[in-house]
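Only one structure is covered here, and it is reproduced in the block below.
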Amino acid sequence: MPEYKTVLYDHVTPEVVRVAMNRPEARNAQDLQLTRDLNDAFDHANRDDNVKVIILSGEGPHFNSGHDMRGGTGLGFNDIPPVGTWANFDAPGAEGAMAKEEEIYLQMCRRWRNLPKPMIAEVHGKTIAGGLMLAWVCDLIIASDDAEFRDLVVGWGIPGVEYFAHPWEFGHRGARQMLYTGDWVSSQDAHRMGMVNEVIPRDQLRERVEELALKIAEKPLFGLKITKEAINQTQDAQGLWTAQQAVFIMHTLAHTHWREVSGAGIYTGEGASTVPGRK
Ligand code: ZN
């Protein structure tokens, strides 16, 4: 069984793998180590001929608290094999900042969303900002009845997190309300708006997700892969990817503006955290 610093990798059966984010002390905040470990774990599962379904869950009281603004475990951008083509991560100004967010958020999430095997997000507790992207790249989202979702980054002048999928996940009305207010969205409301497939009592969540994964794993793998690809292609034909690329440029502009007017380093990925209101 492969071992990772910040991710637990376990087989439920030979056909179903559980990848669990394991930084409970940081509420599974996504630092570079976690990003790398998730990428390696997903690749391992996809290259295992027996695996058909991947479950993504989080250890500790919450699924994910978003991007790690405190430096995390110390891995640098140049320590990770890039998945995208943007480089020069140390360049000054918007150039380096944009390259970093292209690499570890937009392109990495895009890569995970396009992995061929079905993925199920098993979500409990709180999921904040960047944590949403980790659930959204999965095919199904099964949430506990106490799960809550929030993207508060409009408060920092940014149009939502880097992998901008809010209108697809919540419908445009729901997306507007959650972004404009920064309010929490309950799992029940997220289910009503279409972001969540099922809401399950917390103490039954794991059992239900594994039951679902086993049922999906009864199907032929190529059938699952090609169905996933069909739905992904349909979303992209509807404009998901085009919109995400366009919004990412706005996102970068907004970061640059914020840094210029406030002097605050919203995000460098390597420890700068002077974001007002960061909880
Ligand atoms: Zn950003």
(message) Out of 158, 142, 128, I need the residue that is away from the ligand (no atom under 16 Å from the Cβ) and among the β-branched types (Val, Ile, Thr). Which one?
(response) 142
(request) Report, by residue number, each residue of the stretch 5-58 that is hydroxyl-bearing (Ser, Thr, Tyr) and surrounded by fewer than 21 Cβ atoms within 10 Å (Cβ to Cβ). (result) 9, 13
(message) So, in the stretch 168-189, how many residues would count as being more than 12 Å from residue 136 (Cα to Cα) and in a helix (DSSP H, G or I)?
(response) 14
(message) Here's a check for you: in the stretch 231-273, which residue that is surrounded by fewer than 12 Cβ atoms within 10 Å (Cβ to Cβ) and either more than 22 Å from the chain's Cα centre (by Cα) or not in a helix (DSSP H, G or I) (or both) is modelled with the lowest pLDDT?
(response) 263
(request) Need at least 2 residues that are within 25 Å of residue 214 (Cβ to Cβ) per element, so show me which helices (runs of 4 or more DSSP H) inside the stretch 1-113 make the cut, counting only ones lying wholly within it. (result) 32-47, 108-113
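Yes/no matrix, rows are residues, columns are (1) in contact with a strand residue (DSSP E or B) (Cβ under 8 Å, 6 or more places away or on another chain); (2) without any contact (Cβ under 8 Å) to a residue 40 or more places away in the chain:
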{"site": "156", "(1), (2)": "no, no"}
{"site": "169", "(1), (2)": "no, yes"}
{"site": "174", "(1), (2)": "yes, yes"}
{"site": "242", "(1), (2)": "no, yes"}
(request) Taking the options 2, 61, name whichever one is surrounded by fewer than 21 Cβ atoms within 10 Å (Cβ to Cβ), over 30 Å from residue 256 (Cβ atoms) and at pLDDT below 95. (result) 2
(request) Considering each of 134, 205 in turn, give the residue that is over 15 Å from the mean Cα position of the chain (by Cα) and not in a loop (DSSP other than H, G, I, E, B). (result) 205
(message) Every residue in the stretch 216-230 that is surrounded by 11 or more Cβ atoms within 10 Å (Cβ to Cβ), outside any loop (DSSP other than H, G, I, E, B) and of a type outside the set (S, T, N, Q), please.
(response) 216, 221, 224, 225, 226, 228, 229
(request) Check residue 86 against each of (1) crowded, with 23+ Cβ neighbours inside 10 Å; (2) within 14 Å of the ligand (Cβ to nearest atom) and name the one condition it does not meet. (result) (1)
(request) Being farther than 25 Å from residue 33 by Cα, surrounded by fewer than 18 Cβ atoms within 10 Å (Cβ to Cβ) and at pLDDT 95 or above narrows it down to one of 176, 111, so name that one. (result) 176
(request) Please list, ordered by first then second residue, the pairs with beta carbon atoms under 8 Å, 6 or more apart or interchain, first in the stretch 84-106 and of a type in the set (Lys, Arg), second away from the ligand (no atom under 13 Å from the Cβ) and not in a helix (DSSP H, G or I). (result) 100/89
(request) Consider residue 195 carefully, then state whether it is in a loop (DSSP other than H, G, I, E, B) and among the aliphatic types (A, V, I, L, M). (result) yes
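The values are calculated or read from the model by the stated rules, or taken from the named source; none is laboratory data. Model, not experiment: these values are computed from the prediction. Cβ coordinates were reconstructed from backbone atoms using ideal geometry, including for glycine residues, and neighbour counts include every protein chain displayed.
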